[in-house]
Amino acid sequence: MEPVLDHRWDLTPKEAIALQKQLAGRVSLRKEFGRLRTVCGLDVSYDKTSDRFYAVAAVLSYPDLKIVEISQAAARSPFPYVPGLLSFREIPVAREALAGLQTLPDLLVCDGQGYAHPRRFGLACHLGVLYDRPSIGAAKSRLCGEFKEPKSEKGSWTWLLGDGEKIGQVVRTRTGVSPLFISPGHRVDFHTARKIVLSLCPKCRLPETTRLAHQEVNRLRREMNAR
């Protein structure tokens with residue numbers, strides 16, 4: 001799987017912000033896909049004491065959520081930690097994992113933000129635009145915006161608002177547990193993003209795509225550190 005768009009990655013934070021603003025104009029918040037057969041979860045982990053990053057792309061069949069393919073990668077990422085610029089830190093290694101896939105997934109699900117971002121261009125938007133694939137951000141915590149707590153039952157949700165604009169949905173994916181912050185990345189609308197993520201959470205708070213990718217990337221990191 002290769003990107004259809006690319007850009008320089010050796011950017012300063014100021015240059016990265018300018019690029020986000022430029023690429024945000026390419027984001028589509030409309031549903032632009034048909035039947036889903038495969039869904040790819042992406043997760044990135046790193047060593048806090050170094051610039052080495054690890055990534056896993058886990059492709060599952062849909063809707064039965066069986067493992068189709070797993071690709072992993074490790075690479076260095078010198079980009080600093082800057083809130084709102086996570087994609088510049090994580091995508092270089094995520095691209096390596098995606099490049100190893102033999103399957104072209106119908107949808108990407110990221111453990112991070114999509115449109116629910118100060119410049120409306122989170123990790124899921126960035127990946128979706130680079131690959132021109134439908135993508136969704138399903139984050140465990142809020143980056144920006146205001147919301148009312150949804151009801152405690154699974155499936156309950158409220159809008160996440162940023163400066164009066166609807167930027168995402170706060171969704172209870174399991175009764176009685178903390179909600180996820182779900183937003184479109186690219187070529188997906190808000191309500192479709194919510195429904196798909198809920199379908200990926202049959203038993204757990206996190207989507208199966210994220211849960212599997214997270215398990216695999218942590219295993220990869222431990223194995224490589226033990227060498």
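Where a number appears in this text, it was derived from the coordinates with a stated rule and is not lab data. Note that the coordinates shown come from a computational prediction; the quantities given were computed from them, not determined experimentally. Here Cβ is always computed from backbone atoms with ideal geometry, including for glycine, and neighbour counts include all displayed protein chains.
So the values come out like this:
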{"read-out": "Potential lengthening between SER141 and ARG37 on full extension [0.36 nm per residue; Cα-Cα distance subtracted]", "value": "34.6 nm"}
{"read-out": "Column: log10 I(q)/I(0), Debye, Cα scatterers of the range 6-48, q = 0.23, 0.29, 0.33 Å⁻¹", "value": "-0.98, -1.01, -1.08"}
{"read-out": "For the range 7-14, Karplus couplings with θ = phi - 60° (6.51, -1.76, 1.60), whole Hz, Gly/Pro x", "value": "7, 5, 10, 8, 10, 7, x, 5"}
{"read-out": "Mean separation of Cα contacts under 8 Å, 6 or more apart, over the residue count of the range 1-64: relative contact order %", "value": "26"}
{"read-out": "Length added when fully stretched, HIS191-ASP51, from 0.36 nm per residue minus Cα-Cα", "value": "46.7 nm"}
{"read-out": "C-alpha center-to-center spacing [the range 30-69, the range 87-149] in angstrom", "value": "10"}
{"read-out": "Helix-only mean residue ellipticity at 222 nm for the chain, each DSSP H run of n ≥ 4 adding -39500 (n - 2.57), per residue, nearest 500", "value": "-8500 deg cm²/dmol"}
{"read-out": "In nm, spacing of pseudo-spin labels at ILE67 and ARG219 (7 Å Cα→C-beta vector)", "value": "0.5"}
{"read-out": "GNM result for the chain, Cα springs below 10 Å: residue of PRO179, PRO207, PRO150 fluctuating most strongly", "value": "PRO150"}
{"read-out": "Cα gyration tensor shape for the range 125-200, rounded if a/c is under 1.5, else prolate or oblate", "value": "oblate"}
{"read-out": "Net charge dipole size for the chain [Lys, Arg +1 and Asp, Glu -1 on Cβ; Debye, nearest 20]", "value": "540"}
{"read-out": "Cβ-placed point charges (K, R +1; D, E -1), dipole of the range 1-116 about Cα centre in debye, nearest 20", "value": "320"}
{"read-out": "Cross-link reach list, aspartates and glutamates versus LYS195, counting only Cα pairs under 17 Å and skipping chain neighbours closer than eight places", "value": "GLU32, ASP64, ASP106, ASP111, GLU153, GLU208"}
{"read-out": "Peptides 21-28, 208-215, 77-84, 191-198 ordered by average Cβ neighbours within 10 Å, highest first", "value": "208-215, 191-198, 21-28, 77-84"}
{"read-out": "Length released on extending from LEU5 to SER178, taking residue separation times 0.36 nm less the Cα-Cα span", "value": "58.7 nm"}
